[in-house]
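Below is one structure; the comments refer to it alone.
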Amino acid sequence: MSIDDLQIPEGAVVRKIVHVDMDAFYASVEQRDNPDLRRRPVIVAWHGPRSVVCAASYEARTFGIRSAMPALHAARLCSHAVFIPPDFTRYKAVSLAVREIFSRHTDLIEPLSLDEAYLDVTENKTGLSTATRVAIKIREEIRQELNLTASAGVAPNKFLAKIASDWKKPDGLFVIQPHQVHSFLSDLPIGRIPGVGKVTERHLLDAGIKTVGDVQAMDAETLEARFGRYGLRLYELARGIDHSPVVPNRARKSISAEDTFPEDIRLPETESAIRRLAEKVWAASRENARGARTVVLKLKTKEFSTLTRSLTPPEMPGSADGLAAVALSLFDRVELGADQLFRLVGVGLSNFQSSEEPPLFSGGDEASEEDRLAYQQVS
């Protein structure tokens with residue numbers, strides 16, 4: 001397979017992309033800072049009957065424990081696991097130190113969460129001759145300076161680099177050269193494509209599509225007819241086509257915080273939790289000098305149905321109390337009856353006018369899911 005097979009536009013520069021993913025980040029920071037936790041199964045999660053796993057060390061993962069798993073289930077899988085409540089102030093400080101290492105090599109850094117980022121090293125600041133050498137150097141600096149490990153993937157685009165970084169985890173490096181793209185992708189299970197969740201994977205399997213090679217054997221028209229615009233995206237990804245650039249300082253889409261209650265409660269009883277969450281969201285938005293225009297209230301019912309209500313007021317609140325007041329005013333638009341019980345509430349800000357940092361959470365991959373769930377504190 002040649003570079004032409006990637007359908008790179010004429011005159012375009014072939015990018016050199018590195019995706020760096022810290023290994024079991026939250027749990028690894030805990031093990032690094034407390035020698036008693038090393039080589040032990042560590043689970044980062046709040047205590048509580050409805051808490052979920054934010055992160056699990058690789059020792060814990062051997063028992064089948066994964067991010068987003070209910071903490072009670074994780075405890076049953078590994079009764080001797082050590083549970084540690086998350087410390088996001090510390091994790092963010094370490095994340096910034098990792099980011100500083102990235103910045104020595106390139107200014108084109110697109111963080112996805114606290115523990116992973118894309119780097120465009122087509123031209124690097126340290127004069128290293130290949131993207132692979134840049135990735136090796138970054139991993140060495142993380143290990144030597146922070147006493148942590150990171151896995152990295154090197155490829156011609158973001159899509160492939162993301163897959164590559166997961167290929168030899170933990171503490172691994174994998175490189176996909178342009179001429180290897182087609183053969184590398186063909187045998188991959190379709191679920192390995194980033195963005196193919198369980199629902200999409202089920203639809204694809206029902207259509208007889210089990211591997212990326214199955215997609216490679218289909219034409220664009222057939223895929224579009226079956227799956228709409230996503231079918232065209234599948235057609236491109238199956239052929240290793242991804243022209244999306246590394247975008248530094250990506251605009252934040254939202255800031256949010258959630259609470260899962262120990263017991264289901266009625267809507268008026270969620271007020272105290274909403275006020276606490278508003279304080280957290282307000283502190284985060286002030287710290288990052290954001291200008292949001294929309295307030296969001298999220299609720300999950302006893303039956304696990306999720307609903308959101310939002311409001312874009314003529315003038316945004318000027319305090320945490322004002323944010324809470326707007327969120328509470330959205331109660332009037334929750335028409336489920338006075339006896340409806342709720343298991344979770346969330347408060348958020350969205351529709352930002354400008355941004356200088358990446359989103360706190362972004363969907364699709366495990367690390368982002370860890371970040372999202374980590375902000376769900378048990379009330």
Here are some conditions: (1) touching a residue at least 60 places away in the same chain (Cβ under 8 Å); (2) out of contact with any helix residue (DSSP H, G or I) (no Cβ under 9 Å at 6 or more places or on another chain); (3) closer than 30 Å to A60 by Cβ. H80 meets all but one. Which one does it not meet? (1)
Restricting attention to the range 198-213, which residues are surrounded by fewer than 16 Cβ atoms within 10 Å (Cβ to Cβ) and in contact (Cβ under 8 Å) with a residue 24 or more places away in the chain? H203
Any idea which of L237, L188 is surrounded by fewer than 17 Cβ atoms within 10 Å (Cβ to Cβ), closer than 27 Å to D23 by Cβ and either among the acidic types (D, E) or modelled with pLDDT of 90 or more (or both)? L188
Quick test for you: out of S244, S256, S272, S285, pick the one residue that is touching a residue at least 12 places away in the same chain (Cβ under 8 Å), among the hydroxyl-bearing types (S, T, Y) and surrounded by fewer than 16 Cβ atoms within 10 Å (Cβ to Cβ). S244
Quick one: which helices (runs of 4 or more DSSP H) lie wholly within the range 150-210 and hold at least 3 residues that are touching a strand residue (DSSP E or B) at 6+ places or on another chain (Cβ under 7 Å)? 158-165
Scan (1) of a type outside the set (A, V, I, L, M, F, W, C); (2) closer than 20 Å to K158 by Cβ; (3) surrounded by 14 or more Cβ atoms within 10 Å (Cβ to Cβ) for the single condition R229 breaks and write down its number. (3)
May I ask you to verify whether A75 is surrounded by 13 or more Cβ atoms within 10 Å (Cβ to Cβ) and in contact with a Cys (Cβ under 7 Å, 6 or more places away or on another chain)? no
When restricted to D120, D115, D107, the only residue within 25 Å of K253 (Cα to Cα) and surrounded by fewer than 21 Cβ atoms within 10 Å (Cβ to Cβ) is D107
Could you identify the single residue in D259, D206, D264 that is assigned by TED's automatic domain parsing to the domain that holds S329 and out of contact with any helix residue (DSSP H, G or I) (no Cβ under 7 Å at 6 or more places or on another chain)? D264
Tell me, which residue of the range 56-110 that is over 21 Å from the mean Cα position of the chain (by Cα) and of a type in the set (K, R) is farthest from K125 (Cα to Cα)? R76
Mind listing just one residue for me: the one in the range 111-133 that is within 23 Å of the chain's Cα centre (by Cα) and part of a loop (DSSP other than H, G, I, E, B) and, of those, modelled with the highest pLDDT? V121
What number of residues within the range 331-357 satisfy the criterion of being in a helix (DSSP H, G or I) and either under 26 Å from the mean Cα position of the chain (by Cα) or in contact (Cβ under 8 Å) with a residue 24 or more places away in the chain (or both)? 2
Given E221, E236, which one is within 15 Å of L185 (Cα to Cα) and in a helix (DSSP H, G or I)? E236
Scanning the range 305-330 residue by residue, those assigned to a helix (DSSP H, G or I), in contact (Cβ under 8 Å) with a residue 12 or more places away in the chain and surrounded by 16 or more Cβ atoms within 10 Å (Cβ to Cβ) turn out to be A320, L323, A324, V326, A327, L328, L330
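The values are calculated or read from the model by the stated rules, or taken from the named source; none is laboratory data. Just so it is clear, the model here is predicted, and its values are computed rather than measured. Here the Cβ is made from the backbone with ideal geometry for all residues, glycine too, and neighbour counts use every protein chain on show.
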